[in-house]
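Undergrad: Have a look at this one before I ask anything.
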Amino acid sequence: MAQGRTGEPRVNCQELQEKYEIPLELVLDAVSLGMKDKEIAEVTGLKLREVKKLRRELGGIGSTLDISHKKDICQDAKSEGGN
């Protein structure tokens, strides 16, 4: 998994989004607000285990995430290849 400028992990969010029915942006916003996994599950309709899995797939992100989180965490397939 690549690292962003802030040291946060970078993932292919487009690929990850295909696995989930809710917008990843909603989860990223909830995490940046410091919501607990159980709270995120309640507001998104995901099961708690799905929220935990998604957080792991996003590199174990935590509430230190700021408002520019999408820019720092998400990368497209082109970026992954080093282009």
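The values are calculated or read from the model by the stated rules, or taken from the named source; none is laboratory data. The structure displayed is predicted, hence computed values, not measured ones. Methodologically, a virtual Cβ is constructed for each residue, glycine included, from the backbone with ideal geometry; neighbour enumeration extends over all protein chains shown.
Undergrad: Residue by residue through the range 14-23, note down the ones that are within 10 Å of the chain's Cα centre (by Cα) and either on the phi > 0 side of the Ramachandran plot or in contact (Cβ under 8 Å) with a residue 40 or more places away in the chain (or both).
TA: L16
Undergrad: In the range 1-26, which residue that is modelled with pLDDT under 85 and in a loop (DSSP other than H, G, I, E, B) is surrounded by the most Cβ atoms within 10 Å (Cβ to Cβ)?
TA: By that ranking, first place goes to E8.
Undergrad: May I ask you to verify whether D29 is surrounded by 12 or more Cβ atoms within 10 Å (Cβ to Cβ), at pLDDT 80 or above and in a helix (DSSP H, G or I)?
TA: Details: surrounded by 12 or more Cβ atoms within 10 Å (Cβ to Cβ): yes; at pLDDT 80 or above: yes; in a helix (DSSP H, G or I): yes.
The answer is yes for D29.
Undergrad: Follow-up question, since we're still on this one. Can you run down the residue pairs with Cβ atoms below 8 Å, 6 or more apart or on separate chains, where the first is in the range 57-68 and within 14 Å of C13 (Cβ to Cβ) and modelled with pLDDT under 65 and the partner is outside any loop (DSSP other than H, G, I, E, B) and small (G, A, S)?
TA: L65/S32
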